[in-house]
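Here the structure comes first, spelled out in structure tokens, and everything after it is commentary.
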Amino acid sequence: MTAIADTAEVSEPVRKAPGYWAGVLKRFSKDPVAVTCTVIVVLLILAAIFAPYLGLNDPYKASMINRLKPIGYPGFPLGTDEQGRDMLARLIYGGRLTLFVGLVPVVLAFFIGSTLGLVAGYVGGWVNTMIMRTVDVFFAFPSVLLAIAISSALGAGIVNSLVSLTIVFIPPIARVAESATASVRSLDYIDAARATGGSALTIIRVHVIGNVLGPIFVYATSLTSVCMILAAGLSFLGIGVRPPEPEWGLMLNTLRTAIYINPWIAALPGMMIFITSLCLNLLSDGLRSAMNVKD
Amino acid sequence: MFAYLIRRLVYVLPVAIGVSIICFLLVHIAPGDPLTAIMPVDATQEEQAAMRSAYGLDKPLPVQYAIWIGKAVTGDLGKSIATGRPVAQEVFSAVKNSLLLAFTASVIAFPIGLLLGFIAGYYRDTIIDRLVTACAITGVSVPNYWLGIVFVIVFSVQLGWLPSMGAGPGGSGQWAWDYAHIRHLILPSVTLAVVPIGIVARTVRALVGDIFSMDFVQALYAKGMRHGDVLRHVIRNAAPTALSVMGLQLGYLLGGSILIETVFNWPGSGFLLSNAIFQRDLPLLQGTILVLALFFVSMNLIVDVAQAAIDPRIKRS
């Protein structure tokens, strides 16, 4: 026994061929737009995480005499909101909740939806019918309407927003996962794996996941921008994050009354949503072409 | 064709039932007793019990659902808690306004989206393509409720060209096709059109680009067909998919206009919905969502059937 193990260790190491992900990274890094957007998104996330250490003003501190000061006002680089709170601080702190509620549901939906889709696509039969017909019912709602319906029934709050947005994004991800799995399942090598006695779980883990996860992942990244717009939209309607928390959608709503006094301050939070969502979309597009995924 | 229609109808029925179950359950996943929204705070135990049985809330859930759906089928969606008027009446007068907005937005969005997408697909990988793609992705990424506010800032507050709220000079009065009313329609419908322009343009671009690289296009050129006639073939091939995207978008416009209607105080279903949310008027919430979702389901059905009608490949599969 030991002799065999020893020879295996001594034998010449085979040079590893550059893998699939190395190629993806190489193609992605040659795409200037995608790289720029990644940098912006990463900076926004870092700024949100480390907001308390950036030496900003207190985002909750209101001041009656400093209400709706214009951009560039001394002490307030981006002016102040309708309660005299520092806009710069509120925009950076606001990223915490908006990015959190905007990104986490897609991650959760990615895991739940992929699992459902993998099971439905691989097992087929009545399991597939059960899962996919339920998914169809949720598809019968426009995503905005479904998010608003569930959120308004559950009531305002961060957790409720997370729950409703996760529910909104599970069906589309499950559908993509199901069709990807179903098309892989009919390939010969899966039959071969089954013929050699592989159990369903092993085949899914070893042979299916690697082939379907890429497309599902790219699809999920394309949902992040929609999710963020919806998350901020829920707060904008008053059924997401509650005041006085800084959150871009909520800020956009409370500043609506200010459009006659200081319109460009009122437009700032939406500008942040727009920039982030644009970057997320371009990032997703870059990833799609780097990973060579077809729709 | 007829068999296909029947098959689709049979498929839609369970979906519609599922939709109604979700709408029904909305009231029941709401935290707290649905009664608390209707009853005064100082109601006695007996009064509460009487109300509970009057609304059927003392019966098991499936029975409650059966009663609710039985009434809903006959057009009775209950009474609004806030106004006391029948929900069906409120919803239908609001849906009319939403349809007006959605159709106007589609009339703006679809020709522009189709044209941009076609041009980009035709001139694929040129500067024109990149320009259109950049516009399209901007359109898809924009939070339209914010764009609405920006439009109000520019065109109502700063320039004073267009009104910022309501569906007419009287606020939410009867719609009429005159100058005063149409002025109110411009900002909300243009705002609503931006996202579908982006989506249609992106889809059509990919579609047309793919079709142009297909063998049959080469074959048509090879046999000496004129350029214009080849374009006709390409368009015919792209039509079914383009049609289905547009149909879906129309459905989204109707169900998804809630945020835009809130921004512009447009008296449509979305505005009704946000009022229902604000006042926790659960029957109104339930009824509005049911009507909008069923409209979306029928829209999808119409799209599928229309697609099958113009694309002979679908019926066979």
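Tabulated results
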quantity	calculated
Helix-only [θ]222 nm of chain A, DSSP H runs n ≥ 4, -39500 (n - 2.57) each, per residue, nearest 500	-23500 deg cm²/dmol
Calculated FRET efficiency for the pair residue A:289/residue B:221, C-beta based, R₀ 30 Å, to 0.05	0.60
Total lysine pairs under 24 Å (Cα atoms) in chain A, excluding pairs fewer than 8 apart on one chain	5
12 Å cut-off, amide nitrogen to a point 7 angstrom out along residue A:182 Cα→Cβ, residues in the range A:134-149	A:136
Listed peptides B:138-149, A:113-124 by packing density, highest first (mean Cβ within 10 Å)	B:138-149, A:113-124
Cβ-placed point charges (K, R +1; D, E -1), dipole of chain A about Cα centre in debye, nearest 20	360 debye
At least 15 Å along the helix axis (C-alpha) and Kyte average at least -0.5, DSSP helices within chain A	A:32-49, A:87-123, A:125-139, A:143-154, A:158-185, A:209-237, A:263-290
Other protein chain Cβ atoms within 10 Å, averaged over every residue that makes up B:154-161	1
Separation between Cα centres of the range B:89-114 and the range A:187-210, rounded to whole Å	49 Å
For the protein assembly as shown, with +1 on Lys and Arg beta carbons and -1 on Asp and Glu, the positive-most of B:180, B:214, A:244 along the dipole	B:214
Simple Cβ-charge dipole of the protein assembly as shown, Lys/Arg +1 and Asp/Glu -1, about Cα centre, in debye nearest 20	1100 debye
DSSP H segments from chain B that extend 20 Å or more along their own axis, Cα-based, with Kyte-Doolittle mean of -1.0 or above	B:2-29, B:87-122, B:127-141, B:179-212, B:227-256, B:282-310
Stretchable slack from residue B:49 to residue B:7, in nm (0.36 nm times residue separation minus alpha-carbon distance)	10.5 nm
Spin-label model distance (nm) - residue B:306 vs residue B:233, 7 Å beyond Cα toward Cβ	2.7 nm
Charge dipole of the protein assembly as shown about the Cα centre (unit charges at C-beta), most positive-ward option of B:246, A:209, B:10	B:246
Theoretical FRET efficiency, 1/(1+(r/R0)^6), r = Cβ-Cβ of residue B:265 and residue B:67, R0 45 Å, to 0.05	0.80
Efficiency of FRET from Cβ geometry, residue A:33 and residue A:206, R₀ 45 Å, rounded to 0.05	0.80
Sorted by Cβ neighbour density within 10 Å, fewest at the top, the residues A:129, A:166, A:80	A:129, A:166, A:80
Amide H contacts of residue B:166 (H built 1.01 Å from N, under 5 Å, at least 5 apart or other chain)	B:265, B:266
Spin-label model distance (nm) - residue A:256 vs residue A:60, 7 Å beyond Cα toward Cβ	2.6 nm
Average beta-carbon neighbours from other chains, 10 Å sphere, peptide B:254-263	5
Dipole of the protein assembly as shown, positive end: most advanced residue of B:103, B:231, A:221 [Cβ charges, Cα centre]	B:231
Tensor-based shape of chain B (alpha-carbon gyration tensor, a/c under 1.5 rounded, otherwise prolate or oblate)	oblate
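Computed from the coordinates by the stated procedures, all read-outs in this text should not be read as laboratory data. Since we're looking at a predicted model, the values are computed, not measured. Because the Cβ atoms are built from the backbone with ideal geometry, glycine has one as well, and the counts that use them run over all protein chains shown.
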